[in-house]
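Any read-out appearing in this document is the output of simple, stated calculations on the displayed coordinates, not a laboratory observation. This is a predicted model, so every value here is computed, not measured. No Cβ is skipped: glycine too gets one built from the backbone with ideal geometry, and neighbour counts run over all protein chains shown.
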Amino acid sequence: MDKVAKYREAVRELIHRHSQYRPALPGLELYTVQDTEGDHYQIVRTGWVNQRWYYGVILHFDIKDGKVWIQHNGTEHSVAWELVELGVPKEDIVLGFQSPFMRTLGDFAAA
């Protein structure tokens, strides 16, 4: 299995794992978006609660240039370290939600 295929499998595992959590508010639903051709993966929350509309991305990963980009993490979990546990090396994980300068100071890839 090539590197990118392994990364797709790891990201899909995380998406599946985190989509099993149920929203605390009744009326909200979680669903996954998996664009395997473009390598975009998300968990989205949507629904009505007390006449208020909720919509938002919980997790967003992209795979580009042979690296896993974490574009958004709206969970309390360190999904970067979960990726490491699933076999993705730190040098191939980019915290896309951080500024390019801040990425140079951390444990993961700058880009």
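Points to keep in mind about this one:
- Dimensionless Rg over Rh [region 1-61; C-alpha; Kirkwood]: 1.09
- Between Thr104 and Asp35, the simple spin-label model (points 7 angstrom out along Cα→Cβ) gives 3.0 nm.
- For the chain: relative contact order, % (alpha-carbon pairs under 8 angstrom, 6 or more apart): 19
- Qualifying GluC sites (Glu not before Pro) in region 57-111, where qualification requires a DSSP coil assignment and no more than 14 other C-beta atoms within 10 Å, comprise Glu76.
- Two-decimal Rg/Rh across region 70-111, once Rg and the Kirkwood Rh are taken from alpha-carbon atoms: 0.94
- For the chain, calculated [θ]222 nm from helices alone, where every DSSP H run of n ≥ 4 adds -39500 (n - 2.57): -7000 deg cm²/dmol
- Note on Leu28/His77: beta-carbon distance plugged into 1/(1 + (r/R0)^6) with R0 of 22 Å gives a FRET efficiency of 0.75.
- When restricted to Cα atoms, the chain yields an Rg and a Dmax of 14.7, 48 Å, respectively.
- Phi-based couplings in Hz for region 95-111 (Karplus 6.51, -1.76, 1.60; Gly and Pro marked x): 7, x, 6, 9, 5, x, 5, 5, 4, 5, 9, x, 7, 10, 5, 7, 5
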